[in-house]
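Note sheet for the following structure.
Just so it is clear, none of the values below were taken in a lab; they were calculated from the coordinates. Keep in mind that what you see is a predicted model, and the values were worked out from it rather than measured. Glycine gets a Cβ as well: all are built from the backbone with ideal geometry, and neighbour counts include every protein chain shown.
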Amino acid sequence: MEMKIVGYHSRIKITQVLPCVCDDVTGDSKIRRNKLMRTSWLYDPFGDNLTYGVEFNVNKGFSWDFFLYAKTAELAEELGEALLMNLQEKYKGLDGKVSVYPLYSKYLEVKRRLYEIIIPQHPPIKFQFLRKIINYYKTPQRKIDANIFILWKRDDLHISPDPLSYMLRIFISLNPNQNYFMNFDKQESSINAVLRYFISDMSIPPYIKAEYKSLSPINWIALLTCNVFPKRSDYGLGPGQNFPREVMPKFMRSDEIDFDIPHEMPLLNPPILENRNSINLPISKNDPNFIYIGKKMKDGVLSTDLGLIEIDSLTTHLNIFGKTGTGKSTLIKMILNDLHNKRPDVGILILNLAKPYLEDDYPMAHVYKFPSEKFRVPYIIPFNRAMISIKETSNVFAACLGLKHMGPGIFSETFQICYSKHKKFPKEVKAFFSCVDEYMKAKSWEPEYKQHIRTAFKRRISEMFYRPDLEATLNLFEGESSSIPEWFIKWKEGETVLLDLTKCLEDEQHLIGMLILNMIEILISIDKEKTNKLKYLIAMDEAHRILGKSNDKHPESPEFIMKNRTNAHFSRNFNEWRAKGIGIITADQHPHLLLDVAIDSARNKILFQLGYPGNQIFTGNMREREMLLTLWERYALVITNAERYLMKTADDNI
């Protein structure tokens with residue numbers, strides 16, 4: 001026999017919401033009523049005396065659905081969408097999903113037992129029934145699963161009804177949890193215990209008792225079709241006739257029961273940004289001048305507004321910070337791949353400091369791995385800007401070796417002597433350091449002081465340069481015409497290059513990274529046309545390996561000197577890079593470990609979930625600091641010159 005459709009259910013599954021509790025203790029009845037209208041979901045948003053329902057499902061999880069009954073699928077969808085929009089307007093951060101289901105006559109014949117919870121009307125103290133549902137969900141070793149249905153309808157039975165008074169009925173279906181074996185007697189005892197719990201503290205002493213009763217299975221049909229309240233038309237009553245008292249249902253006002261959204265509601269609490277500033281331009285995600293990074297959030301709910309980064313704004317640099325697994329590396333991948341597709345003329349340099357096989361994420365990249373014959377980073381650039389190269393490289397060596405005061409001068413003078421004598425620099429970095437020692441040996445210093453300086457230099461140099469692989473990487477090429485590495489030429493010509501430093505020790509990564517950035521500073525000239533267009537981009541994750549602060553806070557320690565010199569060296573360079581069309585993406589799990597220049601130089605910041613004390617760097621607002629501690633995966637705070645908003649990052653379809 002063909003099943004008959006008797007109507008449709010519109011169900012709104014609530015997926016997230018922020019607490020919304022009426023805790024106002026004012027004695028002003030008008031203020032209190034307005035508060036209740038804003039916080040209670042015991043209401044009639046459409047004003048046409050519909051019957052509304054909610055279902056709380058308490059089993060392995062917790063769910064909260066609103067539901068409405070309609071004769072047609074079109075009306076059910078219309079009502080569901082309208083109710084969700086109204087709930088989102090009423091409750092900040094609420095979101096849900098609307099579904100429409102046909103109600104077949106056969107499936108309305110539900111065999112499960114159904115009970116009704118009957119509570120007195122107009123209690124002197126607000127009933128805490130919703131809290132009971134939540135507390136029951138939190139009960140350890142819960143042996144009975146529960147489906148609680150609450151239906152209400154605005155009072156249309158009295159001649160002069162109270163606008164905040166609603167007919168209210170509560171139904172509950174209880175079933176043994178499959179994880180616990182119980183015989184029949186034990187099941188009955190457990191079910192009765194749960195029912196007694198739900199009516200506890202619901203009586204009005206001394207005579208009006210809360211109670212529960214078992215219903216006939218036929219009541220499922222009335223419940224699912226939202227036909228549980230009497231109508232005046234059922235009794236043939238005219239406008240001025242009183243409804244029979246003996247069949248009058250129970251009523252409840254909005255201020256008499258806790259139908260708000262408590263703090264302990266076991267649903268997702270979305271992040272909310274109080275000081276939001278967002279600009280929504282009519283730009284599509286495929287615009288060639290912008291990179292799409294995700295969808296913006298408004299009042300805790302995902303909107304259709306697009307999060308976009310203007311490609312040329314990357315010359316003002318970008319920070320991406322967040323814990324492992326929050327979406328940081330995936331976002332970098334999407335940004336670089338989108339940039340490659342939209343602006344193939346932009347050279348992209350990826351410094352891989354920590355992740356093996358990162359090249360799998362960048363199939364368009366030319367990959368150079370340390371150590372290998374092709375991976376070369378000459379310790380100095382013997383080019384037509386020799387004096388600039390000498391000055392910058394001397395500062396880099398002094399910084400990386402942690403040599404104070406005299407370090408840059410000694411290296412610089414040695415370079416100049418070598419170049420003036422031979423018109424070239426020693427091919428091997430080891431030979432250059434021998435020249436440094438010879439230079440210091442020839443100085444007319446006090447013998448004891450000289451020995452002290454030479455010993456300090458030798459110790460720091462030997463600590464750094466003890467692996468042949470590092471020396472081979474830094475040695476100069478044969479002939480000045482081939483002094484520029486292949487990877488640099490490709491990058492400068494607009495190709496994507498990935499330099500894999502994962503097999504370097506951290507000190508070696510710092511040195512090679514500094515020399516790479518130094519090479520870029522020397523060989524990339526200022527854009528004379530001043531177009532402010534992005535021409536080159538550098539991306540580095542785990543940036544603290546190159547741009548990290550010193551762990552040793554003693555001002556005379558080599559590490560402290562090294563990091564301070566690094567900060568001073570790049571403070572100038574990073575600020576000048578915009579004029580050269582260079583942008584840098586700096587990413588890390590722990591921004592508090594980075595040098596000031598790495599954070600202060602970037603005008604654009606994307607912040608995923610951050611732990612303490614990284615969450616304190618970017619905001620003084622305590623709520624925002626707490627929000628950064630608990631952001632969900634793929635959700636981030638975006639801060640630019642013009643905007644400040646929360647977003648969910650785009651799906652990774654690459």
Quiz item: Want the number for residue 81 to residue 131: 0.36 nm per residue separation, take away the alpha-carbon distance, what's left?
Solution: 15.2 nm
Quiz item: Among 60-73, 507-520, how do they line up from the highest to the lowest mean number of other beta-carbon atoms within 10 Å?
Solution: 507-520, 60-73
Quiz item: Based on the mean of other beta carbon atoms within 10 Å per residue, what is the order of 536-544, 421-429, 280-288, 160-168, most packed first?
Solution: 536-544, 160-168, 421-429, 280-288
Quiz item: aspartates and glutamates near residue 443 by alpha-carbon distance under 19 Å, same-chain residues fewer than 8 away left out - which ones?
Solution: 413
Quiz item: Is there a pair in 490/528; 530/648; 323/490 whose C-alpha atoms are over 26 Å apart, and which pairs would that be?
Solution: 530/648; 323/490
Self-check item: Selected from 356, 205, 415, residue furthest toward positive end of dipole (the chain; charges at beta carbon)
Solution: 205
Quiz item: At what distance in angstrom do the alpha carbon centres of region 345-381 and region 258-298 lie from each other?
Solution: 36 Å
Quiz prompt | Amide hydrogen neighbours beyond the local backbone of residue 7, cut-off 5 Å, H modeled | solution = 103
Quiz item: Of the peptides 593-601, 263-271, how do they stack up when ordered by the mean number of other Cβ atoms within 10 Å, highest first?
Solution: 593-601, 263-271
Quiz item: What is the extension gain from residue 434 to residue 89, computed as 0.36 nm multiplied by their sequence separation minus the C-alpha to C-alpha distance, in nm to one decimal?
Solution: 116.8 nm
Practice problem: Return the FRET efficiency for the residue pair residue 38, residue 101: r is the Cβ-Cβ distance, R0 is 30 Å, and the value is rounded to the nearest 0.05. | Solution: 0.45
Practice problem: Would you work out which of 249, 222, 286 lies farthest towards the positive end of the dipole of region 213-346, given +1 charges on the beta-carbon of Lys and Arg and -1 on that of Asp and Glu, about the Cα centre? | Solution: 222
Quiz item: Once the piece of chain linking residue 630 and residue 612 is laid out straight, how much longer is it, given 0.36 nm per residue of separation minus the C-alpha distance between them?
Solution: 5.4 nm
Quiz item: 222 nm [θ] for the chain, helices only, -39500 (n - 2.57) per DSSP H run of 4+, per residue, to 500?
Solution: -10000 deg cm²/dmol
Quiz item: Dipole of region 414-503, Cα-centred, from +1 at each Lys and Arg C-beta and -1 at each Asp and Glu C-beta, to the nearest 20 debye?
Solution: 420 debye
Quiz prompt | For region 613-654 versus region 201-243, the gap between their alpha-carbon centres in whole angstrom | solution = 50 Å
Quiz item: the chain: Rg/Rh from Cα coordinates, Kirkwood Rh?
Solution: 1.17
Quiz item: Where nothing but the Cβ of Lys and Arg (+1) and of Asp and Glu (-1) is charged, how large is the charge dipole of the chain around its Cα centre, in debye to the nearest 20?
Solution: 540 debye
